[in-house]
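Data block below; observations after.
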Amino acid sequence: MSGEAVSNNIKSRRRSLAAVTFGNALEWYEWAAYSIFAPFIAAAMFQDGDPISALLKTFAVFAIGFFMRPVGGILFGRIADRTGRKTVLVMTLLMMGAGSLTIGLLPDFDAIGIWASVILLAARMLQGLAHGGETATSNSYVSELAPPNRRGLWSSISFVALLSGTIFAFLLGVLLLAIFGTDAVSDWAWRVPFLFGGAAAVVVLFVRRRMDESEVFSDAKKTNSMPSMPARQMIRPIFTSIGLICGLTVFQYTWLSFVPAHAIVSDGMDAQAAYLAVAGAQLIAVTSLPLWGRLSDRIGRKPVFAGWGIAVAVLQVPLFAMVTGEAWTLFVASAIAWVVAAATGAIQSAAMAEQFSTRQRTFGIGLAFSISVAVFGGTTPYLNEWLYAHDVAWLATAYVIASALVTSVTALTMPERAGTSLAEIDLVNASANAGPEPAVNARAAAERRPI
């Protein structure tokens, strides 16, 4: 490949990386907006004199949206592995935007009664379907774009998008409260983030349409040399991926959804101050993500995962105990929590991508990620609120710590593949499964594709 061709290839990859990152950030913004504005949505869409009960119902809808993610991960994972990553990334962006626009325009309970709750549920189900497909496909796509020796660094961009989207949602919440006040936000201004998300999806669509298809996928499809992993061979990487995800998911949604909402509703913290505190904490965490990703490229994925589990076990109790009705306590505790979360968030997509062959990568990640997030993420805010309401808060803490340790143990049992090209991983999987001929073909494909 000539110097000019190499330069153009690098520029193309970076342009595609930027496109998927912008879209991913928008989808996470739209997803996070619901949990951030949950207290206001509860008041508008449910008729209940008890604010705690209404909040629980809102979190129940939040959980149902999560349970649609496995469906989206499986459905769009299959489509992405057959027709390409780019097609799915455009489809999921449109679906997420449509769900956001629906929530923003939805009449409240006083206007249309129970239909407000029903349509809200349908919109969240649509967003869950899209989010499952988006997460699986973008994780595969970014890992396939990355150079093998920098896959951890490049894959950290996925979590940068996640935090950037949620930070923007929090900051918008602060801005709305500062401009309009709590009464106006409760009355109508909580809709603004969702209307903005629907409009922004149209803009980002034009950016995503310029993305290139993944070279790893294109080469595999062109040469038809990467055989499918049989069901028996996918069992281990799927369960490995579920184990890698569950700890961070519980930890992340405890600090993203439950802790701020609990501080506002139960501890009396000012909502504007709480949003600003969490946004500031996440902004600090964003700066640490590339460092964690690069560290994993140098020392491997296993030590980072193992150290993370120990850190959560040590820090969860004192961090949560630190949070009172004062916003600075939420800021300090959340900043530490999110920097810790960034350690595994940065390398999660790389570690999962390294478990699967190209022909099943998106499907496998989608299935594992969506099941894990549906079971451990969507239920976490509700479960935490329920446990605290029934005076068994220690179980919520134990749940966070136990899930983190499961992730660490899982990582220690997985094959270490940091720095290994995805073509080599395809070769290893083919050799383990189908005898010499597919392995020869896979090796030929690996030699043809420039790294």
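Only the coordinates and a few stated rules stand behind these numbers; no lab work does. Since the structure is predicted, the reported quantities are computational estimates derived from the model, not experimental observations. Here the Cβ positions follow ideal geometry from the backbone for every residue, glycine too, while neighbour counts run over all protein chains shown.
How much length is gained on full extension from Lys222 to Trp188, taking 0.36 nm per residue of separation minus their Cα-Cα distance?
7.0 nm
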Using a Förster distance of 30 angstrom, determine the FRET efficiency expected from the C-beta separation of Glu326 and Leu405, and round it to 0.05. 0.45
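Once you charge only the Cβ atoms, +1 for Lys and Arg and -1 for Asp and Glu, what is the size of the charge dipole of region 133-288 about its Cα centre, to the nearest 20 debye?
On the way: 10 positive and 10 negative charges, 138 e Å.
So the magnitude is around 660 debye.
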Using just the C-alpha positions of region 207-301 as equal point scatterers, what log10 of I(q)/I(0) does the Debye formula give at each q in 0.12 1/Å? -0.77
Among region 193-212, those whose backbone N falls under 18 Å of a label point 7 Å along Cα→Cβ from Leu175 are 193-204
List nothing, just return the count: lysine pairs in the chain, 8 or more apart or interchain, with Cα separation under 25 Å. 5
Translational D in µm²/s for region 52-178 (Stokes-Einstein at 20 °C, 1.002 mPa s, Kirkwood Rh from C-alpha pairs): 132
Sites Val428 and Arg150 - FRET efficiency at Förster radius 22 Å, r taken between beta-carbons, to 0.05: 0.60
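Please compute the Kirkwood hydrodynamic radius of region 131-270 from all pairs of different C-alpha atoms, in Å with one decimal.
Values: mean 1/r = 0.0528 Å⁻¹.
For region 131-270, inverting the mean 1/r across all distinct Cα pairs yields 18.9 Å.
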Can you tell me the orientation of helix 192-208 relative to the chain, as the angle in degrees between its alpha-carbon axis and the longest Cα principal axis, to the nearest 10? 10
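Over every pair of different alpha-carbon atoms in region 155-226, take the mean of 1/r and invert it; report that Kirkwood radius in Å. Before the final figure, lay out the partial values.
Values: mean 1/r = 0.0647 Å⁻¹.
About 15.5 Å for region 155-226.
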How big is the Cα convex hull of region 295-348 in projection, averaged over all directions, in nm²? 3.7
Along principal axes, largest first, the alpha-carbon spread of region 351-426 in whole Å comes out as 52, 23, 13
For region 105-195, the spread of Cα positions along each principal axis, largest first, Å: 56, 31, 13
Go from 0 up to the bin containing the longest alpha carbon distance in region 362-404, width 10 Å each, and give me the % of pairs per bin. 27, 44, 21, 8, 0
The base-10 log of I(q)/I(0) that the Debye equation returns for the chain at q = 0.09 Å⁻¹, one scatterer per C-alpha, is -0.54
Extension gain (nm, one decimal) between Glu416 and Ala398, 0.36 nm per residue minus Cα-Cα: 3.6 nm
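State to the nearest 20 debye the size of the charge dipole of the chain about its Cα centre, where the only charges are +1 on K and R beta carbons and -1 on D and E beta carbons.
Details: 31 positive and 28 negative charges, 396 e Å.
Rounded to the nearest 20 debye, it is 1900 debye.
Taking the Cα centre as origin and putting +1 on Lys and Arg beta-carbons and -1 on Asp and Glu beta-carbons, what dipole magnitude results for region 83-213, to the nearest 20 debye?
Numbers: 9 positive and 8 negative charges, 122 e Å.
Magnitude of the dipole: close to 580 debye.
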